[in-house]
Amino acid sequence: MISDLWILATASLVAVACSMVGSFLILRRQSLLGDAISHSVLLGIVLAFLATDSRSLPVMLSGAVLIGLTTAWLSDQLHKTGQLQSDASIGIVFTLFFAVGVILISLYAGDIDLDQECVLYGEIAFVPFDTVIWGDLKTGIDLGPRAFWMILIVFAAVLASVVVFYQRLQTVTFHPTLAVSLGINVVFWHYFMMTLVSMTTVASFDAVGAILVVALLVIPASTAYLLAKSLKQMLWMAAGFAELAVLIGYALAFWLDSSISASIAVSAGIVLLAVVVQQQFYQRRLRTQTAIQSPLSAN
Amino acid sequence: MNSSLVSAQPPIRVTNLSMRYHYKPVLTDVSFEIPEGKTIAIIGPNGAGKSTLLKGMMELEPLIEGQVEFFGQPLANKRLTTAYVPQREEIDWDFPIDVMDVVLMGRHGQLKFWQRPSAQDKQIAEQALKDLKMWEFRDRQISQLSGGQQQRVFLARALAQQANLYLMDEPFAGVDMATEKAIIGLFHTLKAQGKTIVCVHHDLNTVDTYFDWVLMINARLVAAGPVETTLTPENLQKTFGSRLSLLNDLTETMYRTRLNQAHDHD
């Protein structure tokens, strides 16, 4: 029962943090870059681990942020100086980084507490077993799952950034050229956003893995995009849809006795589909209504 | 003219400006100065580099060579007093944002990055929306506005910036009569305050009624000066190349005005 709560709490924080970052990615048309960073941070984690022999939070985060920003910068350089399409350059860089990460894991498999399956798909059901212990291993106090604390800290950082820098992020996202003309440093805010993406994806790794984190970055935010009338509304809606997907997904996984993270991703997709269908239905009804009304109003 | 009212430095001085797009020269060796407190049109055929010139001046696209000074200073010192209105096509109209928030962006240059717009900022934005007769639309999402209304929102944003110099990229393109009137009204108000307006303009028919000055451009600067002396048939021919294209442009604009008049009678 307690472990169920830990899983739900971790999944909720992952989903909501991803939905916030994802909303900005969608609006900036950079969901592919989010996808890229979520994969390439793997290399960051592995390198950080090999360099320091530690799995502590600051080490993992700095490794991920470093490689995440390198991904964004390198794809941009490849696009600009190499004259390649921007989506192609992103695809080249992140797959390369991810592949190097996978090779490193298999080379040092014995030394690294990272399993390839787990990295790709995540296993949130195991989250409660890897806990943080305050003090001695035997007598210390069990503070709860490591993954939970990690995403909690990152969630707090993302939330604080969005709240404090809301105005700037809105301007830069809405119209970068206009932001430049107002003297705002657009490049700084781009890399700031990429830092948030890197931190969020690495903290979501344990829970949902590199592939499914993309679903949480993109789907709830896209669902909200279909309905929202303002950025604030979009962020709230995306968080709501993310949480809904977690709850439905958890129930689905329980019922089917299958992977929790995959069920959450599927539920997010189902919610999106439901919204699309509802919107089509609503628009059709609106059209038939106006079609009925217009001959009358013409008279 | 009272010379003491005219500041020593012109609002814009461009010296030997050259720009390229993918190795292809777009503008070569453009130099001009514009006077303060006037409305200035930039005209020229499609692909002549009108928008590019505006973007180059605003440092939105790189210059190959040349200098741009605003009141004798680099743009970095004059950003807040220079308002830029981009072309309507460059804006993501599906973005979830309402009219008021767009106009408040005009105040962002004055705010530190953690600050929210103050009551005074909101009042300035409100006045700007009222000036452009868009106040009742303040809560609308921008996607729910007509083309002309969208243009007015962006002009209100520029107005809220309280700049001395306004650079606008085709504000009259594809707008309705109400918006055209609102923009002209805005020009009069700004001019009365001694502010300078530079517009990329496509409609040759209205240049002499809406603008005091004209910059004629076709990859180079063809002519610059007051409309009465500069907008001559020779200069027009030099700018628009062959007689045929000029004729086409004029017939098109005439056709458009007739069309508008026809609509007005409806």
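The values are calculated or read from the model by the stated rules, or taken from the named source; none is laboratory data. Everything numeric here is computed off the predicted structure, so don't read it as measured data. Backbone-built Cβ (ideal geometry, glycine too); neighbour counts: all protein chains shown. The accessibility values were calculated without ligands, DNA or RNA, using every heavy atom of the protein model including side chains. Shrake-Rupley method; radii C 1.70, N 1.55, O 1.52, S 1.80 Å.
Laid out as a table, the results:
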quantity: Filtered residue count, the stretch B:127-158, keeping only those that are in contact (Cβ under 8 Å) with a residue 60 or more places away in the chain and of a type in the set (A, V, I, L, M); calculated: 2
quantity: Hey, B:GLN110 at the interface with chain A (Cβ under 10 Å from one of its Cβ atoms) and among the polar types (S, T, N, Q) or not; calculated: yes
quantity: Scan of the stretch B:133-158 for residues that are within 13 Å of chain A (Cβ to nearest Cβ), assigned to a loop (DSSP other than H, G, I, E, B) and closer than 16 Å to B:ASP92 by Cα, ordered by number; calculated: B:ARG140, B:LEU145
quantity: Positions within the stretch B:183-207 being β-branched (Val, Ile, Thr) and more than 27 Å from B:THR239 (Cβ to Cβ), in sequence order; calculated: B:THR189
quantity: Matching residues, the stretch B:211-248, being open to solvent by less than 50 Å² (accessible area, probe 1.4 Å) and either modelled with pLDDT under 90 or part of a helix (DSSP H, G or I) (or both); calculated: B:ALA219, B:VAL227, B:THR230, B:LEU231, B:THR232, B:ASN235, B:LEU236, B:THR239, B:PHE240, B:GLY241, B:SER245, B:LEU246
quantity: Residue match in the stretch B:131-139 (condition: open to solvent by less than 60 Å² (accessible area, probe 1.4 Å), touching a Lys or Arg at 6+ places or on another chain (Cβ under 9 Å) and within 29 Å of B:ILE34 (Cβ to Cβ)); calculated: yes
quantity: Test: residue in the stretch B:183-194 that is over 25 Å from B:PHE137 (Cβ atoms), open to solvent by less than 50 Å² (accessible area, probe 1.4 Å) and over 13 Å from the mean Cα position of the chain (by Cα); calculated: yes
quantity: Among (1) over 16 Å from the mean Cα position of the chain (by Cα); (2) farther than 30 Å from A:PHE174 by Cα; (3) open to solvent by less than 50 Å² (accessible area, probe 1.4 Å); (4) modelled with pLDDT under 90 - the single one A:LEU42 does not satisfy; calculated: (1)
quantity: Qualifying residue in the stretch A:206-217 (condition: open to solvent by 60 Å² or more (accessible area, probe 1.4 Å) and more than 15 Å from the chain's Cα centre (by Cα)); calculated: no
quantity: Which numbered condition B:VAL68 fails, given (1) closer than 21 Å to B:PRO10 by Cβ; (2) without any contact (Cβ under 8 Å) to a residue 40 or more places away in the chain; (3) out of contact with any Phe, Trp or Tyr (no Cβ under 9 Å at 6 or more places or on another chain); (4) not acidic (Asp, Glu); calculated: (2)
quantity: Qualifying helices (runs of 4 or more DSSP H) (wholly inside the stretch A:162-262; at least 1 residues being farther than 30 Å from B:TYR84 by Cβ and away from chain B (no Cβ under 14 Å)); calculated: A:186-227, A:231-256
quantity: Filter result for B:LYS122 (open to solvent by 10 Å² or more (accessible area, probe 1.4 Å) and out of contact with any helix residue (DSSP H, G or I) (no Cβ under 9 Å at 6 or more places or on another chain)); calculated: no
quantity: Residue in the stretch B:72-91 that is surrounded by fewer than 19 Cβ atoms within 10 Å (Cβ to Cβ) and more than 13 Å from chain A (Cβ to nearest Cβ) present; calculated: yes
